[in-house]
Each structure stands twice: as structure tokens, then as C-alpha cells.
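Only one structure is covered here, and it is reproduced in the block below.
The values are calculated or read from the model by the stated rules, or taken from the named source; none is laboratory data. Given the structure is predicted, the values throughout are model-derived calculations rather than measurements. Every residue, glycine among them, receives a Cβ derived from its backbone with ideal geometry; neighbour counts consider all protein chains shown. Side chains are part of the model used for accessible areas, which takes the heavy atoms of the whole protein and leaves out ligands, DNA and RNA. Shrake-Rupley method; radii C 1.70, N 1.55, O 1.52, S 1.80 Å.
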Amino acid sequence: MSDSDEDIPQLSAATLAALQEFYREERDGLVQSTAPVDKYSVGAVEEDWRMSQFWYSDETATRLVEEVIQEAGKGGRIACLSAPSVYQKLKQGVVEGSDGVSAVVLEYDRRFATYGQEFIFYDYNEPLALPEDVAPQSFDIVLADPPYLSEECLNKVAQTVKYLAKGKVLLCTGAIMEEHAVKLMGLKICSFLPKHNKNLANEFRCFTNYPSNLMS
């Protein structure tokens, strides 16, 4: 995938410096692997900022999981589109009601194929190139976190979301995308402020097309 550097969510200067130092040490063999044994732990797959990957903080991931569980309802189906840290938190089974729903993760990064049949390869440049067994309007709620902050990316992701969702949509993206979120999907901005494990310079927000607890 390609996109302009300006479209990638930006790390704060301090975080970027620390991350670059980590990559230098990793390249030189100075960093020992401390990957969690649990494949669903957030961090079991290292985020790669070069692929515009930024995992949510534990508090944010938990809050988003609570939201999608409530909105999907018991027995509901949830699609996590480019939001693997939300999928992982859901699969940990630590949030009440997580055992009463099912979920899939749509991702470009094939490292997430470790999740078996719940992994769906997804390239936003081909928004409708989905497996035949992924039926239209088959998910009670779709949570999407487009990898780039651009109208072009959001427009293509919106096509996928409209194909997947029965109705409810929860979008997490930069606040600068509000106008496009309204225009493309009729979403309203929420007051909830999502946070990431790595500090980002961009302000992120949530948007929904239904009355949400994230509004307050």
C-alpha cells in the first residue's frame, strides 16, 4: 500500500525518538524478545509504525470493546477493520459479555493470520475484495480504524464498512477527518477521546451513526 507521509498519523517527537532508538537496538541485537505468550495480548504482535500501526492503550481498547459488545448484542457479530488491538482485547475474554459475541479482524498485515479463520486479509485499495463467505450486511457492528488520514483512504474504507455492516458503525480516526466522516458515512463525533500506547501528535476521535455511550 502507498500513501503520502502526511496521511500517516504522526508520533510525537519524544515517542518517535524513543522508537527509533528501539529499532536501532533491535537491529544491533541488543533488544531481547519479551513478546507475551498469550497470542491475544495487545503487543503479542509488535506494532509497526512504518505500516501506520498504532495500538490503543489498554483503557481505550477496553472501552471500545465494551461499546461494540453492547451494540452487537448477545450472539452478535463484530468486525474489527484495521483495529487489531480491539479484536485482541475482545478475545482475551476479560470484558463482560465477550463470550457472548463473535468477531473477525480485517487486516493487511498477514502476521495476524495466526488468528485462523477469524483473520480476513484486507487491503483498503481493494475495498470489496473480500472472501466469498463474507456475506453483505452480516455484522451487527463494524469498528473501523483506517490506516491513513486521507479522504481517499476513508472513502475506500467506507465502501467496505457499508458492505459489512447491518447498520451500526463505529469509526476511530483523526479529528481532522470529521467532515469526511459526516459526508461519507453520516457519522457524528463523540466526546470520548481514544488514546494509543505510543503518543500521537494527531488528535483522535470516535464517530458513530447511532446514539452511543461514547457521546458522554
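Within this structure, GLU67 fails the test of being of a type in the set (Asp, Glu) and under 12 Å from the mean Cα position of the chain (by Cα). In this structure, ALA79 does not qualify as among the small types (Gly, Ala, Ser), within 21 Å of PHE192 (Cβ to Cβ) and in a helix (DSSP H, G or I).
A Cβ distance below 7 Å, combined with a sequence gap of six or more or placement on separate chains, defines the contacts here; from region 72-97, residues that are over 10 Å from LEU143 (Cβ atoms) and touching a residue at least 24 places away in the same chain (Cβ under 8 Å) reach residues that are among the polar types (S, T, N, Q) and not in a helix (DSSP H, G or I) in the pairs ARG77/SER102; ARG77/SER138; GLN88/SER41. Note on region 52-92: residues that are within 22 Å of TYR108 (Cα to Cα), open to solvent by less than 20 Å² (accessible area, probe 1.4 Å) and charged (D, E, K, R) total 1.
Taken over region 118-153, the criterion of being open to solvent by 60 Å² or more (accessible area, probe 1.4 Å), closer than 15 Å to ALA79 by Cβ and in contact (Cβ under 8 Å) with a residue 12 or more places away in the chain is satisfied by PHE121, LEU128, PRO136, GLN137.
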